[in-house]
Amino acid sequence: MAQHTLYAYVEGSDLDDVVADEIMDLTEAFVGETAWRFGKPWLVNQRLDNDPNVRPGDLPAWELGLNFDLPDPHNEPPGWFVDVERIAVFCGELHTATGRDFVIGIGDNQRGYSEDLFYIRTASPDLNKLRMIIGVGGS
């Protein structure tokens, strides 16, 4: 199991079935049609109905997007970040297609926590900023 998993999810829980279906369809096509260099992401679609922090009248958290296992720190093959960049660019395309914002973060699979790192609120995410936030050097 990878130590870290990158996630790219739509922001918010107010996803009607039409938007959710469109995001799922476009994401499945993207994953299936892309030539991945260092692993293949997978679709995530889960509503967290049992969250004790959800108050009456609130929508349950909804994780909708994709996950991608990252290479272990200090063992990254050259050029591995190209797949992460593809995911970020795709989220920009999804933003254009659906009007929804997206968040990219990293989950630590050993410690069981995750952190949102980068938000995509435009059609063209700043890939240099994403590199800096994740701590990746130049190409």
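The values are calculated or read from the model by the stated rules, or taken from the named source; none is laboratory data. From a predicted model like this one, the values you see are computed outputs, not experimental measurements. Surface accessibility is based on the protein's heavy atoms, side chains included, excluding ligands, DNA and RNA. Shrake-Rupley method; radii C 1.70, N 1.55, O 1.52, S 1.80 Å.
In sequence order, the stretch 16-32 has phi-based couplings of 6, 4, 5, 5, 4, 5, 5, 4, 5, 4, 5, 5, 4, 5, 4, 5, x Hz under the Karplus curve 6.51 cos²θ - 1.76 cosθ + 1.60, θ = phi - 60°, and Gly or Pro positions carry x. Here the Debye sum runs over all C-alpha atoms of the stretch 6-46 as equal scatterers in vacuum, and log10 of I(q)/I(0) at q = 0.17, 0.22, 0.25, 0.28 Å⁻¹ comes out as -0.50, -0.78, -0.94, -1.09. Based on the Stokes-Einstein relation at 4 °C and a viscosity of 1.567 mPa s, and on the Kirkwood radius from alpha carbon pairs, the chain is assigned a translational diffusion coefficient of 83 µm²/s. Taking all protein chains together and rolling a 1.4 Å probe, His95 ends up with roughly 40 Å² accessible. Taking amide H atoms as placed 1.01 Å from N in the peptide plane, the amide H of Ala61 lies under 5 Å from those of Leu48, each 5 or more residues away in sequence or on another chain.
From helices alone, the chain scores -10000 deg cm²/dmol at 222 nm; the rule is -39500 (n - 2.57) for each run of n ≥ 4 DSSP H residues, then divide by the residue total. Near the amide H of His4, within less than 5 Å, lie the amide hydrogens of Leu70, Asn109, all on another chain or at least 5 residues away, with H placed in the peptide plane.
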